[in-house]
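Notes for the one structure printed next.
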Amino acid sequence: MDQHDLLVRLKELASILGRTPSRDQFCKEVKNGKVLINKHFRSWALFIQASGLEPLSKPRRINNDVFKVAIEPHLEAYNKLKEPIPGLKANPTYAVISDIHWPFSNQAVIEAFIAYVASNKPDWVIINGDAWDMYSHSKYPRSHNVFTPKEEQSLARTANEEFWARIKKASPNSKCIQMLGNHDIRPLKRVLETYPEAEDWIKEKLEQMFTFEGVKTYFDAREELQIAENILVFHGYRTQLGSHRDYTLFSCINGHTHVGGVVYRKIRGTTLFEANSGVAGDPQSKGLSYTPQKITHWTPGFLIGNQYGPQFIPV
């Protein structure tokens, strides 16, 4: 059979079936069909294309379970975030410091931050997660000759208390917020991995450790704080600067990556930003030695915001 004969047989079979036949169906009807197709057309796809028939597409299997999921609660939560919150300023002033990793802190960053708060008295003063390193509770290989867990906890708690005491003295009317990050909740993670029955106990202990007079603490590391109609604050969970903004469709203030900076993007007619507050821990300390080399691209500093928008202050 030549090319013409093959095409005629294909169209005859298509007429009988009422659709384009599959390769297996055609080869059952035509002896040595596969060999002849490869000889004259090189492939089944080119054979179908030469015939002028529509390619036979495989029927997509639809997962109907997706239509059973109740999306109303998610829409309600999203719409609630979009609603203006009474009492919030359109352009609040703020000072945000994150990733201090006590007791492995960078004192130069902390002193510069407190000096800024004292001079400018912002509406919000926020520790944006990972105030404590929780080195003793980490999973990566670490030295046991730095601190005992009790010593590390005592040093971190004392430093955290002193920080907020100085902030309250420097700017008594600022709203003081402490948010937990992935390092802060390391003890909870270790308990859930090995002894989940003790979850309530360790949560109670964490609340005691991170409760400070005159400071509101967000104990859920995933929780967001809304400080303006379109600005969310949280510790962070993505690594690319701008990805939180693109994911939430809000302007975002976060830390986590230790790399400070501000990026803007216009989305649906609105200019949104993502601002990262950098790192206030000491990159050369034992607690932050989990990087593959001593040289890092981390940027020590903190974040400020005023009527002109956010700005990263390197130290």
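The values are calculated or read from the model by the stated rules, or taken from the named source; none is laboratory data. These figures come from a predicted structure and were not determined experimentally. A quick note on method: Cβ atoms are made from the backbone with ideal geometry, for glycine too, and the neighbour counts reach across all protein chains shown.
Of all the listed residues (Ser285, Ser277), the sole one being closer than 27 Å to Asn145 by Cα and touching a residue at least 40 places away in the same chain (Cβ under 8 Å) is Ser285. Once segment 4-36 is narrowed to residues that are within 15 Å of Gly52 (Cβ to Cβ) and among the hydroxyl-bearing types (Ser, Thr, Tyr), the residue that is modelled with the lowest pLDDT is Ser15. Residues that are of a type in the set (Ser, Thr, Tyr), modelled with pLDDT under 95 and over 21 Å from Arg142 (Cβ atoms) within segment 273-315 comprise just one, Tyr308. Of the residues making up segment 199-216, those that are in contact (Cβ under 8 Å) with a residue 40 or more places away in the chain and either among the acidic types (Asp, Glu) or part of a strand (DSSP E or B) (or both) are Glu213, Lys216. In segment 228-315, counting only strands (runs of 3 or more DSSP E) that sit wholly within it, the ones holding 1 or more residues that are on the phi > 0 side of the Ramachandran plot and surrounded by fewer than 17 Cβ atoms within 10 Å (Cβ to Cβ) span 309-314. Total residues in segment 245-275 satisfying the condition of being farther than 20 Å from Asn91 by Cα and touching a Gly at 6+ places or on another chain (Cβ under 6 Å): the figure is 3.
Of all residues in segment 222-229, at least one satisfies being in the same structural domain as Met134 (by TED's automatic domain parsing), farther than 17 Å from Leu180 by Cα and charged (D, E, K, R).
Residues checked against (1) in contact with a Phe, Trp or Tyr (Cβ under 6 Å, 6 or more places away or on another chain); (2) over 16 Å from Ala221 (Cβ atoms); (3) of a type outside the set (Val, Ile, Thr):
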position: Trp124; (1), (2), (3): yes, yes, yes
position: Ser138; (1), (2), (3): no, no, yes
position: Lys150; (1), (2), (3): no, yes, yes
position: Ala159; (1), (2), (3): yes, yes, yes
position: Glu162; (1), (2), (3): no, yes, yes
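For segment 22-40, the tally of residues that are in a loop (DSSP other than H, G, I, E, B) and surrounded by 13 or more Cβ atoms within 10 Å (Cβ to Cβ) stands at 2.
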